[in-house]
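Since every read-out is calculated from the coordinates, none of them should be taken as a lab result. Quick caveat, the model's predicted, so the values are computed rather than measured. Here the Cβ positions follow ideal geometry from the backbone for every residue, glycine too, while neighbour counts run over all protein chains shown.
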Amino acid sequence: MDFNYTEEQLALQDTLRRFIAKDYGFEHRRAMAKSADGFDREAWKTYADFGILALPFPEDFGGISEHGGNAVDTMLVMEMLGRGLALEPYLSTVVLCGGLIRDAGSAEQKQALLPDLGAGELMLALAHFEPGNRYALDQVATTATAHHAGWTLDGSKAVVLAAPSADKLIVSARDGLGLSLFLVDAKAPGIKLRSYPTQDGARAADIKFSAVQVGPEALLGPAGGALALIERAVDQANAALCAEAVGIMAALNEVTLEYLKTRKQFGVPIGKFQALQHRMADMVIATEQARSMAILAAVRADDADAGERHRALAAAKAYVMQSARTVGQQAVQLHGGMGVTDELNVGHYFKRLTMIGLTFGDLDYHLGRFSDTLLAA
Amino acid sequence: MDLNFTPDELAFRDEVRSFLRAKLPPEISHKVHGGKRLEKDDFVRWQKILHAKGWGAASWPINHGGTGWTAVQQHIFDEECADAGAPMQLPFGLKMVAPVIMAFGNPAQQARFLPRIVDGTDWWCQGYSEPGSGSDLASLKTRAVREGDHYVVNGQKTWNTLGQYADWIFCLVRTSTEGRQQEGISFLLIDMKTPGITVRPIIMMDGEHEINEVWFEDVKVPVENLIGEENKGWTYAKFLLGHERTGIAGVGRSKRELKKLKAIARREPGDGKPLIEDPRFRDRIAQVELELMALEITNLRVISAEGEKKRAPGPEASILKIKGSEIQQMLTELQMQALGHYALPYLHEALDAAWPGDPLMADYADDAAPLSGHYFNVRKTTIYGGSNEIQKNIISQMILGL
């Protein structure tokens, strides 16, 4: 057991922390959220320069280390992006889609996509969840009908994160063999997007696929063998979301503590009142415990043993979301009227935390999955 | 960052396991697993067995007769001991007074007291709380007046755990009423056989005699039993409380109790099928297991950081105390709830390991009988060692600067 980061990890954390503090302040972030793209393309280039867009990929495909970074590296990045409330589609492009291509892609696909992705020249989105299916990963109605020159895709996808900026989509669909993944050009004929901002300032879309034609090179991974790949990618995405949530909780604790020390009522800083001190202590405890579970999530996210990985990720996501609710709601409450305004960063942190809690499984979904593992043991 | 044990750590775990298999007396582990009453001899016997192996003081440095183990090794040892049903090593000597003697005692005190703690010769107890000084500990009034080469101690201590067995008590006493109340406190070691000491039992709501009042009437204590400097006792007391809180996380014991809870829930019928198949109850178990998983990692993070910096536990230990105590309470509450009707019978005799059970009662009533009492007993955990409200004050003031 070892609870230390490596020198390289600490250096990366420091680089990102300084970038967020200096170049990604709250007002800048607010302006970017209102821009057409909904994120900062300059920041995306900077991420490429930092090497974080290629972080999980092996050196041969543009990565910065021989075998590629692990989920602990991703945790460090996500925690810092959480701190900065970064709007860029890192989760969709790098963690989810980059991870799927790394794990399932042929050598040609990896060579064609990962170096561009790492250089910041390719954005991706995973089109998997569908209307009416909530969080279940195996419920897909979209069809891939095979023919002599490839497949025809038909179906609908719900709330596809980062779809509006994506150059390519990874689409899950049912063919004769089971669930498969296809790489599709986002502008291909037959694809219609209904794009919208999300509550936290990012972008997403509902997508309709009508007789979309893809060739044989579009198949990502084995035909009919996509479910295990998707489960793994979503576990890794949930580990990343846990880390992002911890970054946000730490930031919320800092601003709330500062407010308790400076805001005066009844002639004293409100942090002198024990009722508020104990809430603040509860927030600190919740954050430290959540951090422990985010570490567990990161360490287990790379596990090849799917059973142990699912169990750890369900545990971590459920626990972190519960802590996030405590911290987010209390941060708003302790800021009083200011806490519910659009003007202050607190509300924006809170909204992002809340949306993380509804992405790829909510608290009840993950608690239920974890709880059900008790039947097996 | 790696939560997996290294090959060396796995080998160490195997070594601890085989030691426990060979040396832990089954009549003792039977009591622990069954929630039966442990006698003084059970604790002392186990301490002597550990000492014979050189494992009497897992958390001590080698030069004082400890193991010099890393934080992870200590964690493994705690967990394996708890899982095997070893009695808890009581903290009063090993984890409370010993670190104070090591840090602030003189070489003569170290040579005199430490070996007798690790080898199980001396049973220590704590003299901190007083009837008028609970959370406001620094207001304590037990007086120690210097007369020649002795202090003369008068006053009353309370909530003294297992002092009925103790050879020694470490006490906070008032040696000055000048200045701030924290600045007039001293740390004294007192032989329990000294004339003038009276121990009176306090019966807890589970019917057990676990705590006492201790009265001091003109008790003569040699000045060489003063730790450190006169009137600096508050500093040592705070140091000690930090050590107490890390032990209080109780991760190993809670993991054992969680296992037991699951076993009960698999066995108990609930509406025609095992209780664990009721998702409402199962989710309650899941919730407490999540808390415990997080606490285990938080505990390791805190103690590893301390190990590397070679410093005493700081206010972070308050987080461990709060979470650890809440988890212990949740576990006993669910164990009791799982019993259904059989949570009701009060069979005090069932705490005795020799109780044969009763053929007229359901066959598991024997195992079930101690569990409700255990629930009532562990209401103490959020109160002792600095109540959880005091812990939150410590977090607010020491970590957050509020």
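Name the long-range amide H neighbours of B:ARG146: under 5 Å, sequence gap of 5 or more, or other chain; modelled H, no Pro or chain starts.
Close amide H contacts, sequence-distant or interchain: B:VAL152.
By the scheme Lys and Arg +1, Asp and Glu -1, what is the net charge of all other residues having a beta-carbon under 14 Å from that of A:ALA275?
On the way: positive: A:LYS272, A:ARG279, B:LYS392; negative: A:ASP282, B:GLU389.
The answer is +1.
Assign one of three labels to the range B:124-232, namely rounded, prolate or oblate, based on the Cα gyration tensor with a ≥ b ≥ c the square roots of its eigenvalues; rounded applies when a/c is under 1.5, prolate when it is not and a/b is larger than b/c, and oblate otherwise.
Oblate shape, in that a/c is at least 1.5 and b/c is the bigger or equal ratio.
At a 10 angstrom cut-off on C-beta neighbours, averaged per residue, how do the peptides B:273-280, B:148-155 rank from highest to lowest?
B:148-155, B:273-280
Roughly how far apart, in whole Å, are the Cα centres of the range A:328-360 and the range A:174-238?
31
With r defined as the distance between the Cβ atoms of B:ASP119 and B:ILE203 and R0 fixed at 30 Å, what FRET efficiency is calculated, to the nearest 0.05?
0.40
Given springs between every Cα pair under 10 Å in a Gaussian network model of chain B, which of B:ASP218, B:ASP78, B:ASP136 has the largest fluctuation?
The residue that fluctuates most here is B:ASP136.
Starting with the fewest neighbours, write out A:VAL160, B:VAL145 ranked by other beta-carbon atoms found within 10 Å of each beta-carbon.
B:VAL145, A:VAL160
Enter the angle in degrees (range 0 to 90, nearest 10) between the Cα long axis of helix A:274-301 and the first principal axis of the Cα atoms of chain A, meaning the one along which they spread out most.
30
Grab the beta carbon distance between A:GLU66 and A:ASP167, set R0 = 25 Å, and tell me the FRET efficiency rounded to 0.05. Write out the running numbers ahead of the final one.
Numbers: r = 28 Å, r/R0 = 1.11.
Rounded to the nearest 0.05, the efficiency is 0.35.
Could you work out how far helix B:40-53 tilts from the main Cα principal axis of chain B, as a 0 to 90 degree angle to the nearest 10?
80
Can you pull out the GluC sites (Glu not before Pro) in the range A:1-92 that DSSP calls coil and that have at most 11 other Cβ atoms within 10 Å?
A:GLU66
For B:THR142, what charge total do you get from the other residues with a beta carbon under 9 Å from its beta carbon, if Lys and Arg give +1 and Asp and Glu give -1?
Once all neighbours under 9 Å are counted, the net charge is +3.
According to the Cα gyration tensor, what semi-axes, each the square root of 5 times an eigenvalue, does the equivalent ellipsoid of chain B have, listed from largest to smallest in whole Å?
36, 24, 22
Expressed as a whole number of Å, what is the distance separating the alpha-carbon centroids of the range A:59-104 and the range B:37-105?
Answer, in whole Å: 44.
Arranged by the count of other C-beta atoms within 10 angstrom, fewest first, what order do B:ILE322, B:ILE285, A:ILE64 take? Let's see the in-between values first.
On the way: B:ILE322 26, B:ILE285 22, A:ILE64 18.
By the 10 Å Cβ count, ascending, the order reads A:ILE64, B:ILE285, B:ILE322.
Which ordering of A:LYS34, A:LYS45, B:LYS255 is given by a fewest-first count of other beta-carbon atoms within 10 Å?
A:LYS34, A:LYS45, B:LYS255
Could you pull out which residues in the range A:131-165 have an amide N less than 13 Å from a spot 7 Å beyond the Cα of A:GLN213, following the Cα-Cβ vector?
A:147-153
I want the local charge near B:ARG200. Using Cβ-Cβ distances under 13 Å, sum +1 for each Lys or Arg and -1 for each Asp or Glu among the other residues.
Here the charged neighbours net out to -1.
Expressed as an acute angle from 0 to 90° and rounded to the nearest 10, what is the orientation of the C-alpha long axis of helix A:41-50 relative to the principal long axis of chain A?
90
Can you run phi through the Karplus equation (6.51, -1.76, 1.60; θ = phi - 60°) for the range A:139-149 and list ³J(HN,Hα) in whole Hz, with x for Gly and Pro?
Using θ = phi - 60°, the values come out as 9, 10, 9, 4, 10, 10, 9, 6, 9, 4, 10 Hz.
Straight-line reach from A:LYS208: which lysines have a Cα under 20 Å away, not including same-chain ones fewer than 8 places off?
Within the straight-line limit of under 20 Å, A:LYS208 reaches these lysines: A:LYS157, A:LYS168, A:LYS187, A:LYS192.
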